[in-house]
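We did not get these values from a lab; they are worked out from the coordinates using the rules stated. This is a predicted model, so every value here is computed, not measured. Reconstructed Cβ throughout: ideal geometry from the backbone, glycine too, with neighbour counts over all protein chains shown.
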């Protein structure tokens, strides 16, 4: 995968080695949490499991997130190597797919957690 030159990265894009939320030294895990903790970043990665998507298809899949926010997140996810775009649309890169494989168990765990919470409230 071709790495984007640092000068092309937006100043606010979380990058390991640069200060991010929760880490002045930019620890890699904190940079990842900062990136994925941004509005719709995780949702975009999750939706692209069913990709590729055009911009409008992805916007619809993400509950009609605003075009400006979707565009900003896609730029961040592209510059950090998790998402790419070609003639078929936006899709996860190999690194993005690796990340999704790590996140999937959290999805299963969260379903069980929700069931337990809801059954405890009954």
Quiz item: Going by alpha carbons, how many degrees (0 to 90, nearest 10) lie between the helix axis of 94-120 and the longest principal axis of the chain?
Solution: 20
Exercise. For a footprinting-style exposure proxy, rank 115, 120, 34 by other Cβ within 10 Å, fewest first.
Key: 120, 115, 34
Self-check item: Sorted peptide list for 99-112, 63-76, 44-57, criterion being average Cβ within 10 angstrom, highest first
Solution: 44-57, 63-76, 99-112
Practice problem: Using label points projected 7 Å from each Cα along Cα→Cβ, tell me how many nm separate residue 25 and residue 68, to one decimal. | Solution: 3.8
Quiz item: For mean projected area of the Cα convex hull in nm², which listed value, (i) 9.0; (ii) 12.5; (iii) 7.8, comes from the coordinates shown?
Solution: (i)
Quiz item: Counting pairs of alpha carbon atoms under 8 Å apart in space and at least six apart in sequence, what relative contact order in percent does the chain give?
Solution: 20
Quiz item: In degrees, nearest 10, range 0 to 90: what is the angle between the Cα axis of helix 67-79 and the longest Cα principal axis of the chain?
Solution: 70
Quiz item: Could you state the number of Å between the C-alpha centres of region 37-74 and region 93-121?
Solution: 18
Self-check item: Extension reserve of the residue 75-residue 102 stretch, reckoned as 0.36 nm per residue once the Cα distance is removed
Solution: 7.5 nm
